[in-house]
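Each remark here refers to the structure printed beneath this line.
Here, each number is a calculation from the coordinates, and none is a lab measurement. Please read all numbers here as calculations on a predicted model, not as lab measurements. Positions of Cβ are generated from backbone atoms using ideal geometry, with glycine treated the same way; all protein chains shown enter the neighbour counts.
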Ligand code: NDP
């Protein structure tokens, strides 16, 4: 059988921590499978280019059979040329004294032009995953600057929160993590996110039947997931990177290969008004994918009063973020 044409994958902020954990897995076949060659298109800002050279040397030294080519650049048009998956990782971290509005505006300056460059250069089947924080609103900015690209091609990453939540539930229940399914992260990838244990399942049973400690589910479980990033910084002296890269792989793979029947993945996608969420927000939902690039928000899940209030709070935060960046949305 003839070799497949390589899929071009762009990674921005490629010399950063997450990039370092991500590129080697993409090149090894973890994203698209063991018979799918890839071309890596790596974007950095000028100060990151030297470090990126080192990363490329290491990629060369892995002699990955599936890695057809590597392009490194500071030019958006080159980075997104012919790309089918754009993983937007690079962004400016929040510095001491910076207000949320400042952070959003600074990053808007990155994600608006990136959206335009994707629209002008990418392959016609392009899909985009935003990892750089605040990822929901960065994604909204990029998407709004690329009206030529269908809104359903844009994703922001809530999968790391899902994976963290699954791991907590599995440990509490004393089961392998693979026993936990149907775990949805609702809303913003921020401290207001809502990891939903009431619709989760453990070995096919409602998680709330297996774990009956409601105080834990509504208390420590939520705060552990919400504050996990800070706990890792405290322990490691650096922010989480390998688990973020892993979640980026899981997110793209879920769209590329499809979710299991009856299950879903957590992704922030454009809202069409599902569950009363305002249209157009980039909102974390349970998403079922068909493995051909199509997806739907899983409808019909129920929320008790506690969950409804949590989802209201995270929705309000995202509406506030959208208002903060109104100037950046054409
Ligand atoms: P990381 O690779 O650690 O993080 C990159 C982004 O991912 C940050 O915005 C970070 O947000 C976000 N992120 C999302 N989820 C997580 C998670 N679970 N844990 C940690 N971070 C997460 O940052 P580095 O500073 O190491 O690298 C960033 C690179 O991006 C640098 O090499 C820089 O040069 C480059 N850059 C590129 C730009 C471009 O290509 N145009 C623009 C700006 C920077 P947060 O830390 O806020 O949580």
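Numbers below:
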{"read-out": "0 to 90° range, to nearest 10: angle between helix 17-28 axis and the chain longest Cα axis", "value": "70 degrees"}
{"read-out": "Residue 152 versus residue 57: modelled label distance in nm, points set 7 Å from Cα along the beta carbon direction", "value": "4.6 nm"}
{"read-out": "Choice from 103, 169, 42 showing the highest fluctuation, given a GNM over the chain with Cα pairs closer than 10 Å", "value": "103"}
{"read-out": "Value of relative contact order over the range 19-107, rounded to a whole percent, pairs C-alpha under 8 Å and six or more apart", "value": "30 percent"}
{"read-out": "Theoretical ellipticity at 222 nm over the chain - DSSP helices of four or more residues, -39500 (n - 2.57) apiece, nearest 500", "value": "-13000 deg cm²/dmol"}
{"read-out": "Extension gain from residue 329 to residue 236, taking 0.36 nm per residue of separation minus the Cα-Cα distance", "value": "29.8 nm"}
{"read-out": "Relative contact order (percent, whole number), the chain, Cα cutoff 8 Å, 6+ residue spacing", "value": "17 percent"}
{"read-out": "FRET efficiency, 1/(1 + (r/R0)^6) with R0 45 Å, evaluated for residue 5 and residue 220 via beta carbons", "value": "0.40"}
{"read-out": "Listed residues 26, 211, 249, most fluctuating in the chain (Gaussian network, C-alpha, under 10 Å)", "value": "211"}
{"read-out": "Mean Cβ count within 10 Å, highest first, over the residues of peptides 96-102, 271-277", "value": "271-277, 96-102"}
{"read-out": "Spacing of the two label points (7 Å from each Cα toward its C-beta) at residue 304 and residue 260, in nm", "value": "2.6 nm"}
{"read-out": "Using alpha-carbon coordinates, inclination of helix 242-257 to the longest axis of the chain, degrees", "value": "90 degrees"}
{"read-out": "Spacing of the two label points (7 Å from each Cα toward its C-beta) at residue 25 and residue 209, in nm", "value": "3.3 nm"}
{"read-out": "Nearest-ten-degree value, helix 49-62 long axis tilted from longest Cα axis of the chain", "value": "90 degrees"}
